[in-house]
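Notes to accompany the following structure.
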Amino acid sequence: MRVITLDGLTKRYGAYTAVDDVSFTVEPGNVTGYLGPNGAGKSTSMRMIVGLTPPTAGHATVLGRPYKEIPNPGLHVGVLLDASAQHNGRTGREVLALSAMLMGLPTKRVDAMLEMVGLNAAESKRRVGNYSLGMRQRLGIAHALLGDPEVLILDEPANGLDPAGIHWMRGLLRDFANRGGTVLLSSHLLHEIEVIADELVVIGRGKIVAQGSKESLLESSGMFVRALDDEQLAGALSNAGIEFTRVAKGGFNTHAGAEDVGRAAAGAGVVLLELRTADGAGLEDMFLTLTADDAREAVTT
Amino acid sequence: MSDNVTGGAVASPMRKLSVAETQVVPLVRLTRVELRKLVDTRAGRWLLIAIGVITAAVVVIFLFAAPAEELTYAQFLNATIIPQAVLLPILGILTVTSEWGQRTGLVTFTLEPHRGRIVMAKLLAVLVMGIAVVCVAFVLAAVGNALGAALQDGNGSWEFGVSGVIDTFAFQLISVVQGLALGMLIMNTAGAIVTYFAIPFAWGFLTATVSWFATIGAWVDLNTTTIPLSTHEMTGESWAKLGVSVFIWVLVPLVLGWMRLLRRELKSA
């Protein structure tokens, strides 16, 4: 079952195309990461999913129907688009209480959510205007979970969270997906998303540039190998006809298999210190390469 | 910060609500939410407190400043009309513009994607609040009149017809709805407030410089057509004139503003 579908979603502002023919689906039990540099079109896509921005072309559905046609949508879909979009004059508690009232939820649900996101009684009685960005994000996540939804759509939820906060959110979203929930979250930071997401959709300048499971995208970045003497290893790999690229911190990335690399090293008597699947750094290289043409700044790797 | 959700643990499966069986949020509940939003921020709360304090102040001033024979219920109530009419529209303006200025619209229109229902709820909320504020004026005027008779040897007449009640409510509710309409049309607190107060000045200026405006002003200028409402001298013709000017300055902006709000894109940061 597809919980969220985007079908040819496009948004143009005059001559500028913010989102260009974006199609993907999000399955239940998964955390899908929507990754891209700033201004790539992530937020615009998410606003189109929930009907705040009318698309120029294409359409999106949530739980099998356009978001607008979901009655009392807060009970089905938890949305956090911008943690700062709250009235600065309201207290954190009041923000949740208003939405609970609208959704027809009891007040104790507000207390439960405040406790879950770690906002204590004193903090919840302060005005949102005095909140740090991290506290606003926690309040925003509490707000998204208020209606006990089965779908979460979160735009940059880790922004402003400290490392402990990111760890906490990772656990929370993992648990949510493990229970059968569906999560779509965006980020412009690869490290943030690769620890949380199962599926990745990478977007650059409005267009999807890569999508698939995290493992399949990781795999394509190949093997990492490092030796006691990297120069000796470079020679051995060259002799064996194995192509490789040098990693700045030492070692090499290669698309050859582990066995080929191991045999080449053994044949030349090179002492290997590491031979493994390239990790996040490889995915990062991929992310930077995929988005380099589309990024706002020139990226040098 | 407690780490009370453990990663990876298989917890109880999720409760999944049937979308088809979920009820839409009733309009009454949306209206109650909008009413609460009028009073739960400092700006809204102080505006209402200011309306109450100024209404009371006007009654007190009238009690001590007016000649004894003028201390009647009708006169006390009339004294409260103008100060209330100055502040009430701001309530209508704020209820809409804060959704854009403070960007709470992102949440409001995500929880109720049918924006027309939110506008309807806001309209009902400001009407309810407007009626409540006018009721405060009725009560304070009664206190003033009682005190006038007791302390100042005032006239103390309670004479006040049904038409007076209708006039007073009509006067204030027109202004609060006009505020809401301008808020939707202009979508900016300062801009909407300035426009609300600038329209009468602009008319005054045009009337003074172009004689033609003085002629049509009798039918078009809301400031002119509402005068019989505050003096309780409404006739068939004055209701007709009021209707024309309300159509131009309240209904047209309301419809245009409503359309603008339905179409306007809500942006995140």
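Coordinate-derived values only; no laboratory data. Keep in mind it's a predicted model, so treat the numbers as computed, not measured. When we count neighbours, we look across all protein chains shown, and the Cβ atoms used for this are built from the backbone with ideal geometry, even at glycine.
Table for the structure above
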read-out: Vicinal HN-Hα couplings computed from phi for segment A:39-45 (Karplus, 6.51 cos²θ - 1.76 cosθ + 1.60; Hz; Gly/Pro x); value: x, 7, x, 5, 5, 4, 4
read-out: Dipole of segment B:25-260, positive end: most advanced residue of B:Trp212, B:Thr235, B:Leu111 [Cβ charges, Cα centre]; value: B:Leu111
read-out: 5 angstrom amide H check on A:Leu80, placed H, neighbours 5+ away; value: A:Ile153, A:Leu154, A:Asp155
read-out: Pairwise label distance in nanometres, B:Lys16 with A:Ser238, each label 7 Å out on the Cα-Cβ vector; value: 5.8 nm
read-out: FRET efficiency, 1/(1 + (r/R0)^6) with R0 41 Å, evaluated for B:Leu262 and A:Leu288 via beta carbons; value: 0.45
read-out: Residues whose placed amide H lies under 5 Å from that of A:Ala210, excluding near-sequence neighbours; value: A:Val202
read-out: Stretch gain in nm, segment B:Ile248-B:Ala150, where the contour uses 0.36 nm per residue and the Cα spacing is subtracted; value: 30.7 nm
read-out: Reach of A:Lys125 by Cα under 17 Å, taken over lysines that are not fewer than 8 positions away in the same chain; value: A:Lys108, B:Lys37
read-out: Förster-model FRET efficiency, 60 Å R0, B:Thr235 and B:Gln23, C-beta, rounded to 0.05; value: 0.80
read-out: Mean Cα-pair separation over length for segment B:25-260, i.e. relative contact order, pairs under 8 Å, 6 or more apart, %; value: 25 percent
read-out: Dipole magnitude of the protein assembly as shown, debye to nearest 20 (Cβ charges: Lys/Arg +1, Asp/Glu -1, about Cα centre); value: 960 debye
read-out: Amide hydrogen neighbours beyond the local backbone of A:Leu273, cut-off 5 Å, H modeled; value: A:Arg226, A:Ala227, A:Leu228
read-out: ³J(HN,Hα), Karplus 6.51/-1.76/1.60, whole Hz, each residue of segment A:18-25, x for Gly, Pro; value: 7, 10, 10, 6, 8, 10, 6, 10
read-out: Dimensionless Rg ratio for chain A, taking C-alpha atoms and the 2.2 N^0.38 Å reference; value: 1.17
read-out: Dipole of segment B:144-267 [Lys/Arg +1, Asp/Glu -1 at C-beta], most positive-end residue of B:Gln172, B:Ile199, B:Gly161; value: B:Ile199
read-out: Rounded to 10°, Cα long-axis angle of helix A:258-267 versus longest principal axis of chain A; value: 30 degrees
read-out: B:Ser18, A:Ser216, B:Ser230, A:Ser99 arranged by Cβ crowding within 10 Å, fewest neighbours leading; value: B:Ser18, A:Ser216, B:Ser230, A:Ser99
read-out: A:Met1-A:Ala266 FRET efficiency (beta carbon distance; Förster radius 60 Å; 0.05 resolution); value: 0.75
read-out: Lys/Arg +1, Asp/Glu -1 at C-beta; the protein assembly as shown dipole; positive extreme among A:Phe176, B:Gly148, A:Val19; value: B:Gly148
read-out: CD proxy at 222 nm, helix term only [per DSSP H run n ≥ 4: -39500 (n - 2.57); per residue of chain B; nearest 500]; value: -24500 deg cm²/dmol
read-out: 0 to 90° range, to nearest 10: angle between helix B:115-151 axis and chain B longest Cα axis; value: 40 degrees
read-out: Distant alpha-carbon pairs in chain B (separation over 31 angstrom), percent; value: 40 percent
read-out: Given charges at beta-carbon only (K, R positive; D, E negative), |dipole| of segment B:25-260 in Debye; value: 1240 debye
read-out: Integer Hz, Karplus 6.51/-1.76/1.60 couplings in order for segment A:163-180, x for Gly and Pro; value: x, 5, x, 5, 4, 4, 5, 4, x, 5, 6, 4, 4, 4, 6, 4, 7, x
